[in-house]
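**Student:** Pasting a structure here, questions to come.
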Amino acid sequence: MAVAVITGASKGLGRALAGALAGRGWDLVLDARTPEVLEESARAARARGARVVALAGDVTDAAHRRDLVAAARELGGLDLLVHNASALGAEPLVRIEELSPDGLRVALETNVVAALGLVQEALPLLRESGAGAVVAVTSDAAVEAYGTWGGYGASKAALDRLMAVLAVEEPGLGVWAVDPGDMATDLYAAAVPDDDDPRPAPESVVPGFLALLDRRPPSGRYTAAGLVGATEGVR
């Protein structure tokens, strides 16, 4: 059985991706900060036949990251690491003039530093896999300048660069930064609480992520929508 670690798996895209992988026969290590909600995701994945280890904790905690990788090892190894956990840095989002340095630090710690620590912890198992892959969930705010999205966008831009360098240094791995596009998630609602425009459900973008695993395009930055119909990277 293939094994995946998915962070931020209690809701939204993380939960949707966990369910899809469980349906494909993957075993899972799931992370989120809220135990009760995380267990709901775990039960749903188990109902689809997966062995699931649900570990509540904060990805900014090095000990928690070690526990996630250790749990994957106990399941047989690690074939896929999905860094989906994210922090906005301010809720709701604010202009640069109002963004606190502490808020930016929170976004960087969760979105970038935790990703680095988890990749470093997981690399030995990913290399052993023979088909190891890293997926970092990024955002169009990393490449487009939207008012109030400065701190979050800066953290995702840094994550993109981290993944691009990892791809150069680890040519044996698939390393993909994926922009899922707009989704109806709690994160977006916290970012822009006054925006009532309908957005797609997270489940709608999962086929793009699955296409990565099916086609294994070159390491790079992609959009979920683009992956459904093509494997050409988006720079």
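Just so you know, all these numbers are worked out from the coordinates, no wet-lab data involved. Here the structure is a predicted model, which is why all the values come from computation and not from measurement. We place every Cβ from the backbone using ideal geometry, glycine too, and count neighbours over all the protein chains shown.
**Student:** Which one of V52, V143, V29 has the biggest mean-square fluctuation once the chain is modelled by GNM with Cα springs under 10 Å?
**Tutor:** V143
**Student:** Report the extension gain between E203 and R51 in nm, rounded to one decimal, defined as 0.36 nm multiplied by the number of residues separating them, less their alpha carbon distance. Before the final figure, lay out each step's value.
**Tutor:** Working: separation 152, 0.36 × 152 = 54.72 nm, distance 2.11 nm.
Fully extending the segment from E203 to R51 adds 52.6 nm.
**Student:** Moving on to the next point. For a quick check, take a GNM of the chain with Cα springs below 10 Å and name the residue from A133, A18, A184 with the largest mean-square fluctuation.
**Tutor:** So, out of A133, A18, A184, the one fluctuating most is A184.
**Student:** Moving on to the next point. Taking 22 Å as R0, compute the FRET efficiency from the Cβ-Cβ separation of V168 and A62 and round it to 0.05. Present the calculation step by step, with values, prior to reporting the outcome.
**Tutor:** Details: r = 25 Å, r/R0 = 1.14.
Computed FRET efficiency for V168 and A62 comes out at 0.30.
**Student:** Follow-up question, since we're still on this one. If you wrap a convex hull around the alpha carbons of the chain, what volume per residue comes out, as a whole number of Å³?
**Tutor:** Values: hull volume 26.7 nm³, N = 235.
Here the figure is 114 Å³ per residue.
**Student:** Can you tell me how much longer the chain between D195 and A131 gets when fully stretched, taken as 0.36 nm per residue apart minus their C-alpha distance, in nm with one decimal?
**Tutor:** Numbers: separation 64, 0.36 × 64 = 23.04 nm, distance 4.08 nm.
Full-extension gain reported as 19.0 nm.
**Student:** Compute the long axis of helix 12-23 from its Cα atoms, compare it with the longest principal axis of the Cα atoms of the chain, and write down the angle in degrees, 0 to 90, nearest 10.
**Tutor:** For 12-23 against the chain, the angle is about 20 degrees.
**Student:** If R₀ is 30 angstrom, what is the calculated FRET efficiency for the pair E36 and E98, using the beta carbon separation as r and rounding to 0.05? Spell out each step's value before the answer.
**Tutor:** Working: r = 33 Å, r/R0 = 1.11.
Using R0 = 30 Å, I get an efficiency of 0.35.
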